[in-house]
Amino acid sequence: MRTGKNKEKQNILWNMAGSFCYAFASMVLSFLVMRIVGKEQGGVFAFGFSTFGQQMFILAYFGIRPFQVTDGAGEYRFGDYLLHRCLTCFAALAAGAAFLWAYGYTPWKAGVIFLLVCYKVVDGFADVYESEFQRTGNLYLTGKSNTFRTVLSVGVFLSVLLAGCPLVWACGAAVTAQLAGVAVFDIPVRRRLPSVDIKGSMERTVPLTKATFLLFVSVFLDFYIFSAAKYAIDAYMDDVASGYFNVIFMPTSVINLASGFVIRPVLTYLTEDWEKGKYREFVRLLCGISGIIGVLSILAVALAWILGRPVLGILEGLLGASYAGSLTGCHGAFVLVVLGGSFYAILNFYYYVLVILRRQRVIFGIYMVLAVLAFVLAPAMVKQDGIKGAAFAYLALMAVMAAGFTAGAWICYGVGRRKRFEEGRSFRT
């Protein structure tokens, strides 16, 4: 195991490499599949990989990583987390199979999507090891695993697909590569960490589930709201439309990645300012980061408006002659999606602010209201206006959620500050 400054450097570099590989693969893989096997199969892959498969990943992952990596006191052993993850992975596979059976997809489409669910569930299983690497201060091992597993599984998938094999074979090969990646890059590495206790107790999974259930539901609902337009397109349009919408949705990955670089470095300072009662600094930092995100959002929307059509035209050229006009015709929807992604960056920032203020119930309440709104709004707008309606639904949901998180954070800040002041005054008297 590495030590000292070299270890810190490796932690940063490998974590960046792993995050970039994962984000890049998630962003461009559906586009490449459309280029190789066509728009219909590409649309099925896009929905299975980036929407439903990712939803099942969240069920397998259960939102536990923040809890596990901050469990420095060792309240739960690695074996407890591992046993719990085995149960949630099984639940994700069962839920995925039940959904596909009930939804009445063709056997081929259901098979492709289920294999992609398996791929994402294995990803969720690997996360319990990678979270433990981070908890023990070996973040570089997490980054290495993420990098090598992504390169291996995506490389195998594309190789099989380019060899002319059916999409379902390529998905099966990707699942096999994912399993091999866990067997090579996660399980043996864990044995090199002597402090990790592999023993787990079924009795400990109950309190662990209770401690993280609200976090899981919040993350699950967040992704459903984020993807409600995609679900509506799958339900009321064809697979080709799913593929097109996924392409114009790609900028949201870039926006999320960029906003993360802005937000994450200041979270420690915000937490410290709040805990130490440095309210002026807290507010100044809140306003400063909000301003930066706002300026970057205006720039992103302006670029989408000015350069969006030429960029979409280039993507059409890369996909092939049969796609001519298919993406440039979605330029208006593309701009709406970029604007919606900007609102998501804002709400993501104020989500973390509410976490710092320890207002998880407020977060949960906002998600519950927005999930109901998404369930009603997205299908209605897709049925009315197709892909453009889906983009409008996404924008509306992100704008309302951003307003909810922003207002909630500022109100909770005022209430919390006043409560502290009153408690301090009563203590002095």
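The values are calculated or read from the model by the stated rules, or taken from the named source; none is laboratory data. Everything quoted here is computed from the prediction, not taken from an experiment. Cβ coordinates were reconstructed from backbone atoms using ideal geometry, including for glycine residues, and neighbour counts include every protein chain displayed.
So which pairs qualify, if the first residue must be in the range 272-295 and hydrophobic (A, V, I, L, M, F, W, C), the second must be not in a helix (DSSP H, G or I), the Cβ gap must be under 9 Å, and the two must be at least 6 apart or on different chains?
TRP274/LEU357
Kindly provide the set of residues from the range 118-148 that are of a type in the set (Val, Ile, Thr) and assigned to a helix (DSSP H, G or I), ordered by number. Reasoning before the result, please.
First, pick out the residues of the range 118-148 that are of a type in the set (Val, Ile, Thr): 121-122, 128, 136, 142, 147.
VAL121, VAL122, VAL128, THR142, THR147 - these are the residues of the range 118-148 that are of a type in the set (Val, Ile, Thr) and assigned to a helix (DSSP H, G or I).
Any residue in the range 411-429 that is within 13 Å of GLY277 (Cα to Cα) sitting within a Cβ distance under 8 Å of a residue that is modelled with pLDDT of 75 or more and in a loop (DSSP other than H, G, I, E, B)? List the pairs, counting only those 6 or more apart or interchain.
TYR413/LEU357; GLY416/LEU357; ARG420/GLY277
I'm told VAL301 meets every condition in (1) assigned by TED's automatic domain parsing to the domain that holds LYS419; (2) in a helix (DSSP H, G or I); (3) under 28 Å from GLY414 (Cα atoms) except one. Can you identify the failing condition by its number?
Against the list (1) assigned by TED's automatic domain parsing to the domain that holds LYS419; (2) in a helix (DSSP H, G or I); (3) under 28 Å from GLY414 (Cα atoms), VAL301 comes up short only on (3).
Let's see how each residue does on (1) closer than 27 Å to ALA241 by Cα; (2) touching a residue at least 24 places away in the same chain (Cβ under 8 Å); (3) surrounded by 15 or more Cβ atoms within 10 Å (Cβ to Cβ):
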residue	(1), (2), (3)
GLY308	yes, yes, yes
GLY317	yes, no, no
GLY320	yes, yes, no
ALA333	yes, yes, yes
GLN360	no, yes, no
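If we keep just the residues of the range 342-358 that are part of a helix (DSSP H, G or I) and aliphatic (A, V, I, L, M), which is surrounded by the fewest Cβ atoms within 10 Å (Cβ to Cβ)?
Start the filter on the range 342-358 by keeping residues that are part of a helix (DSSP H, G or I), which leaves 342-356.
Narrowing the set further to residues that are aliphatic (A, V, I, L, M) leaves 345-347, 353-356.
Numbers: ALA345: 23, ILE346: 22, LEU347: 22, VAL353: 26, LEU354: 20, VAL355: 17, ILE356: 20.
For the range 342-358, the residue satisfying everything is VAL355.
Quick check on the range 156-179: of everything there that is surrounded by fewer than 19 Cβ atoms within 10 Å (Cβ to Cβ) and of a type outside the set (Gly, Ala, Ser), which residue is nearest to LEU29 (Cα to Cα)?
LEU158
Given the criteria buried (at least 19 other Cβ atoms within 10 Å of the Cβ) and modelled with pLDDT under 90, does PHE52 qualify?
Values: buried (at least 19 other Cβ atoms within 10 Å of the Cβ): yes; modelled with pLDDT under 90: no.
No.
If you check ALA399, ALA407, which single one turns out to be under 18 Å from LEU285 (Cα atoms) and either hydrophobic (A, V, I, L, M, F, W, C) or modelled with pLDDT of 90 or more (or both)? Full working, then the answer.
Values: ALA399 fails: under 18 Å from LEU285 (Cα atoms).
After applying the criteria, what remains is ALA407.
Does LEU318 fit the bill of being at pLDDT below 90, assigned to a helix (DSSP H, G or I) and either farther than 30 Å from GLY42 by Cα or not hydroxyl-bearing (Ser, Thr, Tyr) (or both)? Break it down stepwise before answering.
Values: at pLDDT below 90: yes; assigned to a helix (DSSP H, G or I): yes; either farther than 30 Å from GLY42 by Cα or not hydroxyl-bearing (Ser, Thr, Tyr) (or both): yes.
Yes; evaluated as a whole, the condition is true for this residue.
Would you check if PHE427 is out of contact with any Leu (no Cβ under 6 Å at 6 or more places or on another chain), modelled with pLDDT under 95, surrounded by 21 or more Cβ atoms within 10 Å (Cβ to Cβ) and assigned to a helix (DSSP H, G or I)?
Values: out of contact with any Leu (no Cβ under 6 Å at 6 or more places or on another chain): yes; modelled with pLDDT under 95: yes; surrounded by 21 or more Cβ atoms within 10 Å (Cβ to Cβ): no; assigned to a helix (DSSP H, G or I): yes.
No; evaluated as a whole, the condition is false for this residue.
For the range 40-74, enumerate the residues that are of a type in the set (D, E, K, R) and closer than 19 Å to PHE216 by Cα. Let's see the steps before the verdict.
Here is the first cut: in the range 40-74, the residues of a type in the set (D, E, K, R) are 40, 65, 71.
Passing the criteria: ARG65, ASP71.
Having 1 or more residues that are under 28 Å from THR136 (Cβ atoms) and under 21 Å from the mean Cα position of the chain (by Cα) is the bar; report the helices (runs of 4 or more DSSP H) wholly within the range 37-117 that clear it.
Details: elements: 39-47, 53-61, 65-69, 78-103.
Where helices (runs of 4 or more DSSP H) fall fully within the range 37-117 and carry at least 1 residues being under 28 Å from THR136 (Cβ atoms) and under 21 Å from the mean Cα position of the chain (by Cα), they are 53-61, 65-69, 78-103.
Answer with yes or no whether ALA110 is on the phi < 0 side of the Ramachandran plot, of a type outside the set (Ser, Thr, Tyr) and in contact with a Leu (Cβ under 6 Å, 6 or more places away or on another chain).
Details: on the phi < 0 side of the Ramachandran plot: yes; of a type outside the set (Ser, Thr, Tyr): yes; in contact with a Leu (Cβ under 6 Å, 6 or more places away or on another chain): yes.
Criteria met by ALA110.
For LEU327, all conditions in the list (1) within 13 Å of SER218 (Cβ to Cβ); (2) touching a Leu at 6+ places or on another chain (Cβ under 6 Å) hold save one; what is the number of the exception?
Only one criterion is unmet by LEU327, namely (1).
Can you name the condition, by its number, that ALA174 falls short on among (1) touching a residue at least 60 places away in the same chain (Cβ under 8 Å); (2) over 29 Å from THR70 (Cα atoms)?
Every condition holds for ALA174 apart from (1).
Restricting attention to the range 96-155, which residues are surrounded by fewer than 20 Cβ atoms within 10 Å (Cβ to Cβ) and of a type in the set (Gly, Ala, Ser)?
Within the range 96-155, ALA97, ALA98, ALA102, GLY104, ALA110, GLY111, GLY137, GLY155 meet the criteria.
With the structure loaded, tell me whether ALA378 is modelled with pLDDT of 95 or more, buried (at least 16 other Cβ atoms within 10 Å of the Cβ), in contact with a Leu (Cβ under 9 Å, 6 or more places away or on another chain) and not polar (S, T, N, Q) or whether it fails that test. Spell out the reasoning first.
Working: modelled with pLDDT of 95 or more: yes; buried (at least 16 other Cβ atoms within 10 Å of the Cβ): yes; in contact with a Leu (Cβ under 9 Å, 6 or more places away or on another chain): yes; not polar (S, T, N, Q): yes.
Taking the combined requirement at face value, the residue satisfies it.
Being touching a residue at least 60 places away in the same chain (Cβ under 8 Å) and in a helix (DSSP H, G or I) is the filter here, so list the residues in the range 322-331 that pass it. I'd like the intermediate steps shown before the answer.
We begin by selecting, within the range 322-331, every residue touching a residue at least 60 places away in the same chain (Cβ under 8 Å); these are 322-323, 326-327, 330.
Residues satisfying the conditions are SER322, TYR323, CYS330.
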